[in-house]
Structures are given as C-alpha cells and as structure tokens.
1. Using a 1.4 angstrom probe with every protein chain in place, what is the largest-first accessible-area order of I146, I305?
2. For the stretch 211-317, build the convex hull from the C-alpha positions and give me its volume per residue in Å³.
3. Per 5 Å bin, what is the whole-percent P(r) computed from every C-alpha pair distance within the stretch 139-294?
4. What is the set of long-range amide H partners of A81 at a cut-off below 5 Å, with H atoms built 1.01 Å from backbone N?
5. Relative contact order (percent) for the stretch 1-110, with alpha-carbon contacts under 8 angstrom and 6 or more residues of separation?
6. Below 11 angstrom from the Cβ of G120, what's the summed charge of the other residues (Lys, Arg +1; Asp, Glu -1)?
7. From the square roots a ≥ b ≥ c of the eigenvalues of the alpha-carbon gyration tensor of the stretch 58-130, which class results: rounded (a/c under 1.5), prolate (a/b over b/c), or oblate?
8. Looking only at the chain, where both bridge partners belong to it, what percent of the DSSP beta bridges are antiparallel (to the nearest 5)?
Amino acid sequence: MYTDLPEEQLHGYRSAVREPADFDQFWAGTLAEAWDARWPVRVEPVTTGLVSIDVFDVTFPGFAGQPVRGWLRVPHGAGMALPTVVQYAGYGGGRGHPLENLLWAAAGFVHLQMDTRGQGSGWSRGATPDPGAAGPEAPGVATRGIADPRTYYYRRLITDAVRAVDAVRTLPVVDPTRVAVLGHSQGGGLALAAGALAPGVRTVVALVPFLCDIPRAIVATDARPYREIRDYLAIHRDAEERVLATLAYVDGVNFARRCRRPTRYSVALMDDIVPPSTVYAAVNAHAGPTELSVWRYNGHEAGGIDDEAALRFLGEHLAEGAEPIRPAVGRRSGAELRSG
C-alpha cells in the first residue's frame, strides 16, 4: 500500500529541515583535512577469468587519510580515457565480490564501486573498517557518534564518497571531466552529497535516496535504518535537539540545495524504508536540473533493473569525444570547494 502522503501532495512537498549556519564551513574544513592527509591511490590487478572487463583492487585515502577499498572495473583494452561511474552501496552493503555489478563496465564506463566503512556484512561483503569514534549507539551505524557532527559516522562516510571521486580522477584510464556518481538508498544519499561537494562531478543518479529530510523520516517510518535513530531517542530522551542538529549536517535536502549537477532521482510510492515524501523533499530543493522516475507499485527496490533510464541518463550526460590517456591532473583542495 502507499506509505506516505497522497501522490498529488507529494509533488509540492517541501522540507522544513533546518540548515546549520556553518554548514559550508563544516564541510570545507572536513574535506580540506582529508585532502591534506591524502596519499597515492593503490591499484592492483585481480585475476577474474573475465575477458571483456579488467578488475582492479583499489585502495584510496578517505576521511583523515584512512584507507578505503573499492573495485575498479575497466572495459578490457581501453585505449582512451573513459567516462566513469563512481557507485556507492546501500545500507549494510560493501563493495561486494569482484564479479558482481558488471553493468556499468559492460556499458563502456570505467566503474569504481566504493566499499562502505564499517558495513559490508549485511547483503554484500565489505573490507574497510571504521576506526572512528564510538559511544552509546543503537545497533547499526546510523547513530554511531551521533551526539556531535564531528564524530558522526556519516561525516566520515560522506568524506570517503567525495575522496573516491578525487581518487578516481587521478587514474589515467579516467577522463576527469566525465565522472558521474550513483547509488541506491544509502548510496543515493552519498551520491547526492558527493554531487554537492566533490569537484569534477558532472552528473548524479540518486535512486530512492536515504538521509533526506531526516526529521520527517524518523517519524514517518518504522523501518530500519531510520528506526535506529528513533530507538536511540527513545532511550536518550534528552538528546533530541542535539541529535537533530547533528543530522542536519548530513541531510540530503541541504546537499540538494547546493547541487547544481543534473540529477536523476527515483522514488517508490510503496517504499516503507525511505518515505516517498523525503525523496520529493530533495527533488523540490535541488538547485540544478532534475529528472524523476516514479514507481507507484514498488517498495524500496523501486524500478530495479527496469529503471533503464538511469543508463540512458548517464550515456547522455557523459557522452563526449573520448580523450587519449594522459597523466593524472592536479586536484583542488577541499578549501576551494564551491559553497553554493
């Protein structure tokens, strides 16, 4: 059944999520610190038996220079710098197996599947620990370090997502002017954040994005991961103001307000994990051009493989004459990020 507002009300729904006064400074400072802690990306070939796709084990510096893993998939025999898709995993998942998720490389893109720190033991495997701050938390990672935006888990993971873009753009097989970010659920929320924060992102695909209009989401659904935040507040009854203040720094609505990249969203009207109104909140706040796929009879899987428009969207926005492979180009520091 429909899990949220009637469809005609969803179209005009606007979020009341608050925006921290130092939001831009917070993220510029966080990313500048990560930039200062960078080190060269490590790329090791993986033997897979595939004949049309080459796979590499990648390690790059994420938050505070901490190592983050990923799989890099490249069309075999690529002799030019190619358009690239950086993909982020949904909640509980990691980078998976090297033979999984071959669509984007099969379609002719370089594909970086970023691992997810501290996750990767739910529906797909991971290999990246989260050495960040702990403390009282509900089971899962959605409340890890939530008492302060500086210690919050998603500060680290969003920084990893931005640094994944920086890292992939240093690779000679990648055309640094044609990079897209993509994800489903948690991955969609990370893609939206990276689209607002990472220099060099050309376009964004955010499928049923998690982490948007969080104050509404935690009272509009009983499903996890939002349930973790509600469970935390049910025990830490005096922490609501502090927790909501932290969450505002990672809310996708605030990133959408800053994202001028063309972005394709999807929403599922029978989704009980990501309430549809929270997706519309991001779409209606988005600073750049948007497209939206509406799946009226689907839950959190949304369109699944039938959402072929995402492939079309990336093909259109990343389609330009390929450039010869060339040495890595210089990067701008986090302090030079645009704030709006």
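1. Putting I146, I305 in descending order of accessible area: I305, I146.
2. 91 Å³
3. 2, 10, 19, 22, 19, 14, 8, 4, 1, 0, 0
4. Under 5 Å from the amide H of A81 lie the amide H atoms of E323, I325, each far enough along the sequence or on another chain.
5. Reported relative contact order: 20 percent.
6. Residues near G120 contribute +2 overall.
7. oblate
8. 45 percent
The values are calculated or read from the model by the stated rules, or taken from the named source; none is laboratory data. Nothing here was measured: the structure is a model prediction, and the numbers come from that model. Counting neighbours? That spans all protein chains shown, and the Cβs are built from the backbone with ideal geometry, glycine included. The area values use the complete protein model at the heavy-atom level, side chains included, leaving out ligands, DNA and RNA. Shrake-Rupley method; radii C 1.70, N 1.55, O 1.52, S 1.80 Å.
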